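S.K.: Let me begin by handing over the structure; questions about it come next.
The values are calculated or read from the model by the stated rules, or taken from the named source; none is laboratory data. If you're wondering where the values come from, they're calculated on a predicted model, not measured in any experiment. So basically every Cβ, Gly included, is an ideal-geometry build from the backbone, and we count neighbours across all protein chains shown. The area values use the complete protein model at the heavy-atom level, side chains included, leaving out ligands, DNA and RNA. Shrake-Rupley method; radii C 1.70, N 1.55, O 1.52, S 1.80 Å.
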Amino acid sequence: RMGGGPPRSGDAANESMKLTQITQNPMTGQLDIRQIQPNTTMFPSATSTLPQRQQISNTVFRPHWNLPTMSLSELAERERAEAIQRGEAQKIAEEQAKFQPRRYEQLVRDGMEDDEKLVEASAKLDRDWDDWKEANPRGSGNKMSERGDRNF
């Protein structure tokens, strides 16, 4: 504005509004004072608020439950594919388990008691299990130890 004197009401409408931003430096504690020009994102005009109001309205007035992210047919396809995959993995695991050492009774039941290597490995497995059972009798564990304070 040219000239001195107090601003007139007509001049005030033509001048842009300035904002003062005051921040404090967290390290030094000093205040930083800046004057900035407002932009349209800080103070939107009435015409630009309509889409914003609609957006806010859409987020406020929505169902309070989670909406589905896939259709029932998509879910069925996914479940079917996972079931087929689990079945194939189980078949592979069963085939591999046939040649793994196990209890001798299970070898007899499966008709594999003629395989010498498998019988020896199963006998070792049975001996190890018997040794473990002898070393850890039923009921031993936290029950058999001294607890110190027995007042509870």
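S.K.: With the structure loaded, tell me whether residue 86 is surrounded by 11 or more Cβ atoms within 10 Å (Cβ to Cβ), at pLDDT 80 or above and within 40 Å of the chain's Cα centre (by Cα) or whether it fails that test. Show your work before the answer.
M.R.: Working: surrounded by 11 or more Cβ atoms within 10 Å (Cβ to Cβ): no; at pLDDT 80 or above: yes; within 40 Å of the chain's Cα centre (by Cα): yes.
Here the answer is no, as residue 86 does not meet what is asked.
S.K.: Got at least one residue in the range 103-117 being open to solvent by 100 Å² or more (accessible area, probe 1.4 Å) and among the hydroxyl-bearing types (Ser, Thr, Tyr)?
M.R.: Our first condition is that a residue be open to solvent by 100 Å² or more (accessible area, probe 1.4 Å); within the range 103-117, this holds for 105, 109, 114, 116-117.
Those still in the list that are among the hydroxyl-bearing types (Ser, Thr, Tyr) too: none.
No, the range 103-117 has no match at all.
S.K.: Of the residues 67, 75, which single one is open to solvent by less than 100 Å² (accessible area, probe 1.4 Å) and either at pLDDT below 85 or outside any loop (DSSP other than H, G, I, E, B) (or both)?
M.R.: Values: 67 fails: open to solvent by less than 100 Å² (accessible area, probe 1.4 Å).
After ruling out the rest, the residue left standing is 75.
S.K.: Turning to a different aspect of this structure: If you take the residues in the range 118-137 that are among the basic types (Lys, Arg) and without any contact (Cβ under 8 Å) to a residue 12 or more places away in the chain, which one is least open to solvent (accessible area, probe 1.4 Å)?
M.R.: So the residue we want is 133.
S.K.: Follow-up question, since we're still on this one. Tally up the residues in the range 89-102 that are of a type in the set (D, E, K, R), without any contact (Cβ under 8 Å) to a residue 12 or more places away in the chain and either in contact with a helix residue (DSSP H, G or I) (Cβ under 7 Å, 6 or more places away or on another chain) or surrounded by 10 or more Cβ atoms within 10 Å (Cβ to Cβ) (or both), please.
M.R.: 1
S.K.: Could you go through the range 138-146 and let me know if any residue there is hydrophobic (A, V, I, L, M, F, W, C), loosely packed, with under 10 Cβ neighbours inside 10 Å and modelled with pLDDT under 85.
M.R.: yes
S.K.: Going through the range 30-55 one residue at a time, which ones are within 22 Å of residue 18 (Cβ to Cβ) and at pLDDT below 70?
M.R.: 38, 39, 40, 41, 42, 43, 44, 45, 46, 48
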